[in-house]
Amino acid sequence: MASLLELKNVSKIYGDLHALDDVSLTVEKGEWVAIMGPSGSGKSTMMNIIGCMDKPSLGQVLLDGKDISKESQTSLTTIRRDKIGLIFQQFHLINYLNAVENVMVAQYYHSVPDEKEALAALERVGLKDRAKHLPSQLSGGEQQRVCIARALINNPEIILADEPTGNLDEANENIVLDIFRQLHKEGTSLVVVTHDPEVGEVAQRTIRLEHGKIISDEKNENFVE
Amino acid sequence: MIKNKKRLMFFKMISLSLLRRRSRMIVALLAIVVGATVLAGLVTIYYDVPRQMSESMRSYGANMIFTPDGTDSLTDEMIERALSYIPARDLDGYTPYRYENTTINKNPVTFAGVDFDGVKKTAPYWNVDGAYPTRDGEVLIGANVAKTFNLGVGDKTVAVSSIEITEDVDESLIPDYEIIEIDGVKSADHELPIKVVGIIQTGSSEEDYVYLSYSDVEYLTAKHRGYDLVEVSVNSTGGLESYTTSISNGVEGLRAKLIKHVAASESAVLTKLTSLIFIVTAVVLLLTMICVATTMTAVIAERRKEIGLRKALGASNLSVVGEFLGEGLLLGGVGGILGSVLGYVFAEIVSKNVFGGSITFLWWLIPVTIIASVAVTGIACLIPIRSAVDVDPALVLKGE
């Protein structure tokens, strides 16, 4: 498999604090990676750097072979728009737009808003019949599925999910994980940050962070393709 | 096609943001509507009130006079030329006066030949007890004359003019009168029976005169001559001073002057009114701007996560600014439309209550009000929107 994402000796330093300390890791195309760790372990910093929302203090970040560690904010915005799909713990749907309009917002910034495509994305996460509902009319699980549909709509190189099941009950957690399994089968690369062991265990590979360093990087033996 | 779809989505986003979050935006909209209403209303008043003021001031009488300048009297031709300097729409009316000294019961009285239709326009403040003359031999007399000669409405008397028979006397007007010659000077007493049909009360010098038609004055004096004075009533929106200068310079033998107390009070009131309108409009627009800026600051603070999300989804700073500015401008446009209609209603109410007349609807004021509202809202949005640019997209990854 070819490398999609490569972190080479990446550090993020705030004064005396090393939020990330000489981290190196590689994510292959189509791989499903879970990043786990307690609060303050550097998960969010790593997410920000992989998600092109922050730059490392030291080291290199290669996305699809391109070094993005020295890119300007404008270039990082373009890379994020074109290559990355984001899924959030708090869903972050725009409250005055309905489900399909929320999906179309991502299209709007990427290329062209197309309602048919947006509806197809909602159908993919089982929400076509809820397309015209406002976020306030959707359950937490449904809102997270809209968030997933929005992340998928522009066919990104990589899906980056930050605690995607953190606000969901077990039933909805399973629905979201089933969608992730489906995406993985279709060849989508997934990087999921979580502190939930159940979510970490279903990934193909689990990376554990502590005090800004990778303390383990293991393939999940029980992973079901 | 692509641009259309993007444009459609842009309008959808900004309009839905306003429609579905109306409880928040209603304060800003109200501020804009109030600002636009005051702007449209006061501009309507500013344009219409000078006309109404001028009409109101016309009830105080003429505001300009023509007098002979180096000549004995003013001819019809001179008056016509002088009036040609005043646009027809600004000329409310004019009355030439011809004064002659004559007697009633051997007591001297000044008679003034006038056109009574003209007088009604140039001296509408005359309080006439009785009626205006409609035929020869009928006169209006001033209250002082009535008192002196103990005359009332309906009374008849005789006016006598002592005419010196000179070359300019039209002897055909005095065929039957006895001409007396003393020391080579020929003269004749010419009589005109008159009937009082009205008594004038003005509290001013008009009460000392007898007013009659030109033909009666001509008959009484047996002389054809011009006029001693012309009273002119001009709508002052056109600039009275410039008219008097042009007329005095352009018509030889005639001098145009303003009747200061009328013209000056018109001018003073209009100047004060204009200043007041400018000040009130400026203050209201400033308050509108402050209210919109405050609301937009609160809106942007509330929507920091949404801004972060949009940036995380790939929105450039320009897109974010465009969307918030678009919301502000749309709000300004809607406020401008409502304000231009309500402004007319406001001006109409003011006009009816203050001037007792209806106001003219200024169609061009609709786009002007909308553009002004959009501009004011746009300026008010600029500072708060700048803070949207500083929002970090990573904000959305940090949870609550």
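The values are calculated or read from the model by the stated rules, or taken from the named source; none is laboratory data. Being a predicted model, the structure only gives us computed values, none of them experimental. Don't worry about glycine lacking a Cβ; one is built from the backbone with ideal geometry, like all the others, and counts go over all protein chains shown.
If you check A:E163, A:E142 for being closer than 30 Å to A:K66 by Cα and crowded, with 19+ Cβ neighbours inside 10 Å, only one passes: A:E163.
Scanning the range B:93-122 for residues that are surrounded by 20 or more Cβ atoms within 10 Å (Cβ to Cβ) and within 18 Å of B:L240 (Cβ to Cβ) gives B:Y94, B:T95, B:T122. Restricting attention to the range B:337-373, the residues that are in contact (Cβ under 8 Å) with a residue 24 or more places away in the chain, part of a helix (DSSP H, G or I) and of a type outside the set (A, V, I, L, M, F, W, C) add up to 7. Is it the case that some residue within the range B:315-336 is at pLDDT 90 or above and outside any helix (DSSP H, G or I)? So far as the range B:315-336 goes, yes, one or more of its residues are at pLDDT 90 or above and outside any helix (DSSP H, G or I). Just checking, does the range A:73-80 include any residue being closer than 29 Å to B:S15 by Cα, under 13 Å from the mean Cα position of the chain (by Cα) and part of a helix (DSSP H, G or I)? Yes: one or more hits.
Comparison of B:L83, B:L29, B:L8 shows that the only residue that is within 30 Å of B:T297 (Cα to Cα) and out of contact with any Gly (no Cβ under 8 Å at 6 or more places or on another chain) is B:L8.
Pairing residues of the range B:10-27 that are more than 8 Å from chain A (Cβ to nearest Cβ) with residues that are at pLDDT below 90 and surrounded by fewer than 13 Cβ atoms within 10 Å (Cβ to Cβ), at Cβ distances under 6 Å and at least 6 apart in sequence or on separate chains, gives no pairs at all.
Within the range A:67-109, being more than 9 Å from chain B (Cβ to nearest Cβ) and free of Cβ contacts under 8 Å to residues at least 12 places away in the same chain holds for A:D67, A:S72, A:S75. Note on the range B:191-222: residues that are more than 9 Å from B:L140 (Cβ to Cβ) and either of a type in the set (G, A, S) or without any contact (Cβ under 8 Å) to a residue 40 or more places away in the chain (or both) total 7. Listed by position, the strands (runs of 3 or more DSSP E) enclosed by the range B:104-187 that each have at least 1 residues that are among the basic types (K, R) are B:156-164. Restricting the range A:97-126 to residues that are surrounded by 20 or more Cβ atoms within 10 Å (Cβ to Cβ) and not aliphatic (A, V, I, L, M) leaves a set whose member that is nearest to A:L152 (Cα to Cα) is A:Q107. Evaluate the following for B:Y46: is it more than 14 Å from chain A (Cβ to nearest Cβ) and either in a loop (DSSP other than H, G, I, E, B) or without any contact (Cβ under 8 Å) to a residue 12 or more places away in the chain (or both)? Against the criterion (more than 14 Å from chain A (Cβ to nearest Cβ) and either in a loop (DSSP other than H, G, I, E, B) or without any contact (Cβ under 8 Å) to a residue 12 or more places away in the chain (or both)), B:Y46 does not qualify. Within the range A:17-45, the set of residues being more than 14 Å from chain B (Cβ to nearest Cβ) and of a type in the set (S, T, Y) comprises A:S24, A:T26, A:S41. Reported count of residues in the range A:124-155, each being under 20 Å from the mean Cα position of the chain (by Cα), more than 11 Å from every other protein chain (Cβ to nearest Cβ) and either in a helix (DSSP H, G or I) or charged (D, E, K, R) (or both), is 11.
Of the residues making up the range B:193-216, those that are within 36 Å of the chain's Cα centre (by Cα) and not in a strand (DSSP E or B) are B:T202, B:G203, B:S204, B:S205, B:E206, B:E207, B:D208, B:Y214, B:S215.
Restricting B:S213, B:S205, B:S172, B:S233 to residues that are exposed (fewer than 13 other Cβ atoms within 10 Å of the Cβ) and under 21 Å from B:P133 (Cβ atoms) narrows the list to B:S205.
This table checks each residue for (1) polar (S, T, N, Q); (2) at pLDDT below 85; (3) buried (at least 17 other Cβ atoms within 10 Å of the Cβ).
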site	(1), (2), (3)
B:K223	no, yes, yes
B:S242	yes, yes, no
B:N249	yes, no, no
B:E252	no, no, no
B:K257	no, no, no
B:E266	no, yes, yes
B:V269	no, yes, no
B:K272	no, yes, no
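For the range B:274-313, the tally of residues that are away from chain A (no Cβ under 14 Å) and either surrounded by 16 or more Cβ atoms within 10 Å (Cβ to Cβ) or charged (D, E, K, R) (or both) stands at 13. Only residues that are over 12 Å from the mean Cα position of the chain (by Cα) and within 14 Å of chain B (Cβ to nearest Cβ) were counted in the range A:50-66, giving 4. Screening B:A188 against (1) surrounded by fewer than 16 Cβ atoms within 10 Å (Cβ to Cβ); (2) of a type outside the set (D, E, K, R); (3) without any contact (Cβ under 8 Å) to a residue 40 or more places away in the chain leaves a single unmet condition, (1). Looking at A:I207, A:I215, just one residue is touching a Leu at 6+ places or on another chain (Cβ under 8 Å), within 17 Å of A:L7 (Cα to Cα), modelled with pLDDT of 90 or more and surrounded by fewer than 20 Cβ atoms within 10 Å (Cβ to Cβ), and that residue is A:I215. Can you find a residue that is more than 20 Å from B:A143 (Cβ to Cβ) and assigned to a helix (DSSP H, G or I) anywhere in the range B:92-102? Looking through the range B:92-102, none of the residues is more than 20 Å from B:A143 (Cβ to Cβ) and assigned to a helix (DSSP H, G or I).
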